[in-house]
Number of protein chains: 2
Amino acid sequence: MPRLIESVPNISEGRRSEVVEAAVEALRATPGLRVLDVSSDQDHNRSVLTVAGDEDALFAGTLALYEVAVGRIDLRAHQGEHPRMGAVDVVPFIPIEGATMADCVALARRVGQAVAERFAVPIFLYEEAASAPHRQNLADVRRGQFEGLGAKMADPQWVPDFGPEAPHASAGASAVGARMPLIAYNINLGTSDLEIAQRIAKAIRHSNGGFRFCKAMGVMLEQRQIAQVSINMTDFKRTPLFRVLETVRSEAARYGVPVVGSEIVGLVPAEALMDAADHYLQLEGFSPGQVLERRIRETE
Amino acid sequence: MPRLIESVPNISEGRRSEVVEAAVEALRATPGLRVLDVSSDQDHNRSVLTVAGDEDALFAGTLALYEVAVGRIDLRAHQGEHPRMGAVDVVPFIPIEGATMADCVALARRVGQAVAERFAVPIFLYEEAASAPHRQNLADVRRGQFEGLGAKMADPQWVPDFGPEAPHASAGASAVGARMPLIAYNINLGTSDLEIAQRIAKAIRHSNGGFRFCKAMGVMLEQRQIAQVSINMTDFKRTPLFRVLETVRSEAARYGVPVVGSEIVGLVPAEALMDAADHYLQLEGFSPGQVLERRIRETE
């Protein structure tokens, strides 16, 4: 089966459409790379590009993206609401099918090294690829942003993993790493009491003692007049959707409130849904190799 | 997205390995066709070949298979326990991804016509491709087997859909059709009382008033000393796995018996598991297009 890895590079350009188009064109022109989504935000002045392919396609495509971004984006003139420290701000690699997290970590290192050599942009490895615990969290790596990067990198704690020990004058620095896919998963409650959703969110989220790979908050769906537990699942293998749902159901029942539905926003890896089917159908000895489409791809 | 159709041709040869190998080689040599499984049974003197591809690959591969089978299998000398009427006995086409049942019916007609013209083998369209209700059921089409085929085809009810109005001297006739994938799905009960499994099987199966696309019987798992409801799901879109499981659970509870697990034997289409996830996670507005791997294939 061909290895399938996803990458979601974020570039610090969301206003000049010709620059975004040139970046996308560089990705599209890479053999074996597929562009799944392009999303530009004017306020953030940032574009999120979603691509997939095998290691070689992602390696070539990412370097082609840097060629455009480093040449055409100058952080000294960049303004936008979203925190950023580089022309190519962050490049995560995400295992999807036939590839492991270790493959993605290796790819992050390979890409990081090549980018540093070719473009003289300092690279910080983050998340699963981080070289030290204090570099895991992207927010920590990016704190201070482009403007504070020179001072930050003078601290031995923030020597880059690859490349020069000072920021690139116009292109700053990049975070390159490996992580699990994110799943945006919301659970709708049969109540208009926002406080109940907020209490449940607190019960399930990691920061307050809940599930390790779960971020959550309570929000109000004004149109439907129902409260929602809005969740980011950061590792569906270790904190699965069904376990979070059943915990929310149990917590809600304590207030006499039912779960009326749930929703997945955007894309979801097939395995996250397979795991839910496996759980609820109480399957014995089920293997992903039994999925017909997967068996077919394994013969490719 | 490339159209993906499965086919499971059955040939009346399970003993002479060189003939089976020649048949498999003809399939393997067809561009774009993938051989997923080959299963030969000596007692049945029959081989079940599982392949997948798009319409053109299946068309070419099926004709290549007939070339071998019609040339090397003589039903006049064939003995085996399984009912059969042709060298290539039955050819079902099964929609998997990006293809509809209508596509498979059209393919069955196209293949049937070409086989009849090229090999002078009479073709009966069956299941979803059947040209009349009495020809839908494969068992009815095959009743009388090879030996009774001449007499059967003298009846105007059994004029073939394509080809000569008498059997091919050595290769008999074939059933070519379209159907949904079969799923072998077993549900294990927390009891050693076989009768409870038999009663539940009767409650859920079509022939006794149960679900339209469900065949079931009660069996004993001697090693584990538990009873099992052994099920064939013949159309998981219209009779979904989760509905059958929850009905079995409810019927078993009437005897104070729990469902201890279930199992899928062999391959299962991804969509059957997605449907279970969608149901139990109570998803609102979920679309298969949100599955990441599928989105990627859509860009192919």
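Is there a residue being under 25 Å from A:Gly261 (Cβ atoms) and in contact (Cβ under 8 Å) with a residue 60 or more places away in the chain anywhere in the stretch B:281-290? Among the residues of the stretch B:281-290, not one is under 25 Å from A:Gly261 (Cβ atoms) and in contact (Cβ under 8 Å) with a residue 60 or more places away in the chain, which makes the answer no. Can you say whether B:His82 is over 15 Å from B:Leu138 (Cβ atoms), out of contact with any Pro (no Cβ under 7 Å at 6 or more places or on another chain) and of a type outside the set (Asp, Glu), as far as the supplied structure shows? Against the criterion (over 15 Å from B:Leu138 (Cβ atoms), out of contact with any Pro (no Cβ under 7 Å at 6 or more places or on another chain) and of a type outside the set (Asp, Glu)), B:His82 does not qualify. Of all the criteria given as (1) under 27 Å from A:Lys202 (Cβ atoms); (2) out of contact with any helix residue (DSSP H, G or I) (no Cβ under 7 Å at 6 or more places or on another chain), the one not satisfied by A:Leu189 is (2). With respect to the conditions (1) of a type in the set (Gly, Ala, Ser); (2) part of a helix (DSSP H, G or I); (3) more than 10 Å from every other protein chain (Cβ to nearest Cβ), A:Gly218 falls short on a single one, namely (2).
So, of the residues in the stretch A:98-128 that are assigned to a loop (DSSP other than H, G, I, E, B) and touching a strand residue (DSSP E or B) at 6+ places or on another chain (Cβ under 9 Å), which turns out to be modelled with the lowest pLDDT? Across the stretch A:98-128, the extreme among qualifying residues is A:Gly98. Output the residues belonging to the stretch B:264-277 that are more than 7 Å from every other protein chain (Cβ to nearest Cβ) and crowded, with 22+ Cβ neighbours inside 10 Å. Within the stretch B:264-277, B:Ala272 is the sole residue that qualifies.
Can you tell me which of B:Gly218, B:Gly261, B:Gly266 is farther than 30 Å from A:Glu6 by Cα and under 24 Å from the mean Cα position of the chain (by Cα)? Let's see the steps before the verdict.
On the way: B:Gly261 fails: under 24 Å from the mean Cα position of the chain (by Cα); B:Gly266 fails: farther than 30 Å from A:Glu6 by Cα.
When all the criteria are applied, what remains is B:Gly218.
Within the stretch A:240-263, is there a residue that is under 21 Å from B:Asn186 (Cα atoms), crowded, with 16+ Cβ neighbours inside 10 Å and either of a type outside the set (Asp, Glu) or facing chain B (nearest Cβ under 8 Å) (or both)? Outline the logic, then answer.
So the first thing to find is which residues in the stretch A:240-263 are under 21 Å from B:Asn186 (Cα atoms), and the list is none.
The answer is no; no qualifying residue exists.
May I ask you to say which residue of B:Val51, B:Val20 is in a strand (DSSP E or B), aliphatic (A, V, I, L, M), buried (at least 17 other Cβ atoms within 10 Å of the Cβ) and in the same structural domain as B:Gly172 (by TED's automatic domain parsing)? So that I can check it myself, show each step before the final result.
Working: B:Val20 fails: in a strand (DSSP E or B).
Only one candidate passes the filter, namely B:Val51.
Of the residues B:Asp37, B:Asp56, B:Asp43, which is modelled with pLDDT under 95, not in a loop (DSSP other than H, G, I, E, B) and not aliphatic (A, V, I, L, M)?
Numbers: B:Asp56 fails: modelled with pLDDT under 95; B:Asp43 fails: not in a loop (DSSP other than H, G, I, E, B).
None of the other options fit; the residue is B:Asp37.
Where helices (runs of 4 or more DSSP H) sit wholly within the stretch A:240-300, those with at least 1 residues that are farther than 23 Å from A:Gly210 by Cα occupy A:270-280, A:292-298. Looking at the stretch A:191-202, can you tell me whether even one residue there is modelled with pLDDT of 95 or more, more than 8 Å from chain B (Cβ to nearest Cβ) and at positive phi? Scanning the stretch A:191-202 turns up no residue that is modelled with pLDDT of 95 or more, more than 8 Å from chain B (Cβ to nearest Cβ) and at positive phi.
Among the residues of the stretch A:70-90, those that are under 21 Å from A:Gln157 (Cα atoms) and outside any loop (DSSP other than H, G, I, E, B) comprise A:Gly86, A:Asp89, A:Val90.
Of everything in the stretch B:151-190 that's part of a loop (DSSP other than H, G, I, E, B) and within 14 Å of chain A (Cβ to nearest Cβ), which residue is nearest to B:Gln113 (Cα to Cα)? My answer is B:Met180.
The values are calculated or read from the model by the stated rules, or taken from the named source; none is laboratory data. Everything numeric here is computed off the predicted structure, so don't read it as measured data. Counting neighbours? That spans all protein chains shown, and the Cβs are built from the backbone with ideal geometry, glycine included.
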